[in-house]
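> Dropping the structure in here first, questions after.
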Amino acid sequence: MRYTDKTVLITGAATGIGRATASAFAREGAAVMIGDLDEGAAQTVTAIEEMGGRAAWRHCDVSDLSETEALIADCATRFGGLHAAFNNAGILTPFAPLHDTDPADYTHVMAVNAGGVFNAMRAEISWMIEHGGGAIVNTASVGGVIANPGMAPYIAAKHAVVGLTRTAALDYARLGIRTNAICPGLVRTAMTADWFEDATFIDSFYESSPIGRAAEPAEIAGMVLHLCSDEASFTNGAVITMDGGQTAI
Ligand code: NAD
């Protein structure tokens with residue numbers, strides 16, 4: 001019960017990695033505030049309440065600064081604090097070589113995947129500076145440290161998340177705020193559901209993966225809980241690949 005009497009904010013927890021992480025935090029005693037634009041977030045809240053935990057959600061498009069600021073303010077008011085934040089909301093864009101990429105897709109994914117992390121960190125850090133610090137984990141991707149063909153906007157946005165994470169780690173560590181990023185490889189979620197329907201793709205991915213499989217969302221959650229806890233008190237500015245060895249090749 002590492003999170004008894006703690007409040008954790010999570011963006012993008014209607015499904016996938018965010019939902020699994022919200023449940024894991026709640027199981028360890030945290031009150032969980034979720035920001036999402038998908039009403040599926042209500043199901044995450046219900047699941048947490050059914051196991052005796054505390055959670056709430058608020059509609060929030062993380063690409064909108066004022067909505068994101070309102071989310072952080074609501075979290076602090078409702079649950080009396082903000083001890084840790086997991087900035088996880090994200091989207092994929094259609095595959096295309098860069099010269100065929102719709103500029104609107106580039107703008108959109110940068111606004112959500114990078115801008116959303118910027119907006120959330122800006123509000124969270126402002127609050128944490130005034131209230132004794134905290135821990136932040138951002139969801140980047142293996143696409144934040146290496147590239148995949150046909151994914152220029154997503155890769156650019158995830159590299160930006162790594163840059164935002166490292167810069168905040170330098171700027172705020174002495175103010176008691178640790179900032180780290182996780183870089184998952186392939187995880188079975190709503191975002192990647194179509195990929196798992198494509199037997200050729202998935203067979204070839206498993207063949208090339210050192211561990212020979214994809215991750216389940218719960219396998220990502222554990223690292224987030226660790227990074228937000230006092231066990232990780234000296235971990236700051238880390239960019240942690242969680243990819244079954246994909247980037248070790
Ligand atoms: P998912 O689609 O299950 O979850 C994404 C969540 O973000 C959903 O709850 C969605 O409603 C929310 N969201 C999307 N746009 C939003 C916005 N503008 N404002 C607020 N919420 C928004 O997918 P997932 O795989 O769990 O993705 C979570 C994070 O993990 C994303 O940042 C994704 O890029 C990253 N990631 C996923 C994988 C993978 O293989 N699934 C790998 C590496 C990184």
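> Only one residue in E49, E67 is open to solvent by 30 Å² or more (accessible area, probe 1.4 Å), part of a helix (DSSP H, G or I) and within 9 Å of the ligand (Cβ to nearest atom). Which one? So that I can check it myself, show each step before the final result.
On the way: E49 fails: within 9 Å of the ligand (Cβ to nearest atom).
Selected residue: E67, the only one of E49, E67 that is open to solvent by 30 Å² or more (accessible area, probe 1.4 Å), part of a helix (DSSP H, G or I) and within 9 Å of the ligand (Cβ to nearest atom).
> While we're on this one: For the stretch 153-190, what are the residues that are surrounded by 20 or more Cβ atoms within 10 Å (Cβ to Cβ), part of a helix (DSSP H, G or I) and small (G, A, S)?
A157, A168, A169
> What single numbered condition from (1) in a helix (DSSP H, G or I); (2) over 24 Å from A181 (Cα atoms); (3) within 15 Å of the ligand (Cβ to nearest atom) fails to hold for A111?
Of everything listed in (1) in a helix (DSSP H, G or I); (2) over 24 Å from A181 (Cα atoms); (3) within 15 Å of the ligand (Cβ to nearest atom), A111 misses just condition (2).
> For the stretch 235-245, what are the residues that are surrounded by fewer than 19 Cβ atoms within 10 Å (Cβ to Cβ) and either among the charged types (D, E, K, R) or over 14 Å from A181 (Cα atoms) (or both)?
Once the filter is applied, which keeps residues that are surrounded by fewer than 19 Cβ atoms within 10 Å (Cβ to Cβ) and either among the charged types (D, E, K, R) or over 14 Å from A181 (Cα atoms) (or both), the stretch 235-245 yields only G245.
> When only residues in the stretch 123-150 that are assigned to a helix (DSSP H, G or I) and among the small types (G, A, S) count, which is surrounded by the fewest Cβ atoms within 10 Å (Cβ to Cβ)? So that I can check it myself, show each step before the final result.
Residues of the stretch 123-150 assigned to a helix (DSSP H, G or I): 123-130, 142-144.
With the extra rule that they be among the small types (G, A, S), the set shrinks to 123, 126, 143-144.
Working: A123: 22, S126: 12, G143: 22, G144: 27.
It comes out as S126.
> Quick one: A56 ticks every box in (1) aliphatic (A, V, I, L, M); (2) outside any helix (DSSP H, G or I); (3) within 13 Å of the ligand (Cβ to nearest atom) except a single one, so which number is it?
(3)
> Among the residues in the stretch 20-34, are any of a type in the set (G, A, S), under 20 Å from A168 (Cβ atoms), in contact (Cβ under 8 Å) with a residue 24 or more places away in the chain and not in a helix (DSSP H, G or I)?
No, the conditions are met nowhere in the stretch 20-34.
> From A104, A76, A120, grab the single residue that is open to solvent by 20 Å² or more (accessible area, probe 1.4 Å), in a helix (DSSP H, G or I) and either touching a Cys at 6+ places or on another chain (Cβ under 9 Å) or of a type in the set (A, V, I, L, M, F, W, C) (or both).
Just one listed residue meets the conditions, A104.
> Separate question: Can you tell me which residue within the stretch 191-203, out of those that are of a type in the set (A, V, I, L, M) and either in contact with a Lys or Arg (Cβ under 9 Å, 6 or more places away or on another chain) or loosely packed, with under 14 Cβ neighbours inside 10 Å (or both), is nearest to F95 (Cα to Cα)? Give the steps one after another, and end with the answer.
Just the residues of the stretch 191-203 that are of a type in the set (A, V, I, L, M), to begin with: 191, 193, 199, 202.
Filter once more, keeping what is either in contact with a Lys or Arg (Cβ under 9 Å, 6 or more places away or on another chain) or loosely packed, with under 14 Cβ neighbours inside 10 Å (or both): 193, 199.
Numbers: A193: 15, A199: 17 Å.
So, considering only residues that are of a type in the set (A, V, I, L, M) and either in contact with a Lys or Arg (Cβ under 9 Å, 6 or more places away or on another chain) or loosely packed, with under 14 Cβ neighbours inside 10 Å (or both), the one nearest to F95 (Cα to Cα) is A193.
> Follow-up. Could you check how many residues of the stretch 198-227 are within 14 Å of the ligand (Cβ to nearest atom) and either of a type in the set (D, E, K, R) or part of a strand (DSSP E or B) (or both)?
5
> Charged (D, E, K, R) and open to solvent by less than 60 Å² (accessible area, probe 1.4 Å) - does that describe any residue in the stretch 4-18?
Taking every residue of the stretch 4-18 in turn, none turns out to be charged (D, E, K, R) and open to solvent by less than 60 Å² (accessible area, probe 1.4 Å).
> Can you name the condition, by its number, that L9 falls short on among (1) more than 8 Å from the ligand (Cβ to nearest atom); (2) under 17 Å from A218 (Cα atoms)?
If we test L9 against (1) more than 8 Å from the ligand (Cβ to nearest atom); (2) under 17 Å from A218 (Cα atoms), just (2) comes out false.
> When the stretch 147-163 is examined, which residues are found to be away from the ligand (no atom under 12 Å from the Cβ) and without any contact (Cβ under 8 Å) to a residue 12 or more places away in the chain?
Selection gives A147, G163.
> Still on this structure: Against the definition (within 14 Å of the ligand (Cβ to nearest atom) and of a type in the set (A, V, I, L, M, F, W, C)), how does I72 come out, yes or no?
Criteria met by I72.
The values are calculated or read from the model by the stated rules, or taken from the named source; none is laboratory data. All of these numbers come straight from a predicted model, not from anything done at the bench. Here Cβ is always computed from backbone atoms with ideal geometry, including for glycine, and neighbour counts include all displayed protein chains. Note: accessible area is taken over every heavy atom of the protein model, side chains too, but ligands, DNA and RNA are not part of it. Shrake-Rupley method; radii C 1.70, N 1.55, O 1.52, S 1.80 Å.
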